[in-house]
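> Quick one: structure below, then a few questions.
Bear in mind these aren't lab numbers, they're just calculated from the coordinates by the rules spelled out. In this text the structure is predicted, and so the values were computed from the model without any measurement. Because the Cβ atoms are built from the backbone with ideal geometry, glycine has one as well, and the counts that use them run over all protein chains shown.
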Amino acid sequence: MARFARLGCSTKLVTLPLLCAATVAACSSTTVQTVFTGSATTRIAPASKPHPDKGGGAANPGTGSADRPGHTTPAKPASTTTRPPVVAPSLPLTGKVVGVDPGHNGLNYTDPSFINHLIWNGRNWETCNTTGTETDGGYTEAQFNFNVATYLAADLRAEGAEIVLTRHNNDGVGPCVTTRAAIIDHSHADVAIAIHADGGPADGRGVAILEPVADGPNDHVIAASQKFGHDVLESYRSLTGMPDSTYDGTDGVVFRDNLAGLNLTTVPEVFIESGNMRNAIDAARLVQPSFQRLAAQALAQAITRFLTGRT
């Protein structure tokens with residue numbers, strides 16, 4: 001058997017079971033649940049809303065706090081803090097220019113008329129270039145010079161330096177010593193080194209640093225060249241174990257006023273005579289790639305020390 005109930009603000013006809021039925025009607029935002037049990041009617045008030053400050057609502061998975069009904073707790077804004085960019089530490093010779101002059105050239109001997117013509121070196125006349133010396137076994141100074149220069153250039157580039165070479169292979173003639181000086185001067189190098197090996201007496205050994213004498217163009221770099229020469233000699237002695245020259249200069253230093261590269265330089269510069277190719281002991285070391293790399297390392301160390309002040 002069915003009964004009929006009139007509910008809320010609007011009338012709805014609801015079919016109810018005899019024993020128990022329930023319905024919900026909304027009126028002015030109040031919900032009333034009417035329960036019929038037999039002929040009795042019971043009105044049950046709706047569950048109260050949670051107070052905004054007391055919790056009891058559903059958990060907000062974003063924040064872990066309770067949400068008010070009908071209200072969504074806004075997510076925390078993303079951090080607007082900007083971290084400064086990570087800057088890689090600069091290399092020790094970044095921004096520095098180094099002149100490297102590998103003495104002579106591998107084919108100078110093929111063109112004597114060219115290399116023997118005279119040029120003005122700032123004080124007097126000298127030949128454009130020479131063939132250089134060699135060991136008793138025929139290993140040329142030009143090859144040694146170029147090998148060491150190549151290793152040195154690689155070492156210095158790894159430290160951030162820009163390298164200016166006066167020749168880029170060992171298969172040519174020249175350039176003249178005045179042209180080499182101009183290449184380095186025009187590059188505005190911070191320092192320069194000319195790499196050589198000597199052809200001294202067979203019983204003589206050792207390294208010598210050739211330093212400039214003031215003659216006008218180089219006046220303002222004499223002191224700096226002497227300081228650089230000291231750094232080169234100290235580093236070369238230490239790393240290679242080569243003794244000071246036993247036949248040239250004093251304590252490994254020779255002052256020269258007859259070389260265009262030193263007379264005409266406008267940057268701190270020295271020449272190194274890395275050992276004596278005519279001496280059997282020195283020659284046995286100079287021809288070895290391992291020694292050539294060590295020589296380059298010593299020069300790179302001296303250049304870095306001179307340009308940065310680091311020991």
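> Starting from segment 254-266, keep only residues that are touching a residue at least 60 places away in the same chain (Cβ under 8 Å) and farther than 22 Å from Asp244 by Cβ, then list their pairs with residues that are basic (Lys, Arg) and surrounded by fewer than 20 Cβ atoms within 10 Å (Cβ to Cβ) whose Cβ atoms are within a distance under 7 Å, requiring at least 6 positions of separation or different chains.
Final answer for the pair search is Asn263/Arg123.
> Let me ask you something else. So, in segment 94-122, how many residues would count as being surrounded by fewer than 23 Cβ atoms within 10 Å (Cβ to Cβ) and part of a loop (DSSP other than H, G, I, E, B)?
10
> Identify the residue in segment 265-311 that is among the β-branched types (Val, Ile, Thr) and more than 22 Å from Arg180 (Cα to Cα) and, among all such residues, is surrounded by the fewest Cβ atoms within 10 Å (Cβ to Cβ).
Among those that are among the β-branched types (Val, Ile, Thr) and more than 22 Å from Arg180 (Cα to Cα), it is Thr311.
> Same structure again: I'd like the full set of residues that are of a type in the set (S, T, N, Q) and in contact with a Cys (Cβ under 7 Å, 6 or more places away or on another chain), limited to segment 128-185.
Hit for segment 128-185 is Asn129, nothing else.
> Among the residues of segment 242-254, write down those that are aliphatic (A, V, I, L, M) and not in a loop (DSSP other than H, G, I, E, B).
The answer is Val253, Val254.
> Which members of segment 156-177 meet the condition of being touching a strand residue (DSSP E or B) at 6+ places or on another chain (Cβ under 6 Å) and within 24 Å of Asp248 (Cβ to Cβ)?
Matches in segment 156-177: Thr166 only.
> Would it be correct to say that Ser245 is touching a residue at least 60 places away in the same chain (Cβ under 8 Å), among the hydroxyl-bearing types (Ser, Thr, Tyr) and crowded, with 16+ Cβ neighbours inside 10 Å?
Judged against the criteria, Ser245 is not a match.
> Next question. From the residues in segment 255-275 that are assigned to a strand (DSSP E or B) and within 36 Å of the chain's Cα centre (by Cα), which one is farthest from Ala214 (Cα to Cα)?
Per the criteria, the residue is Gly275.
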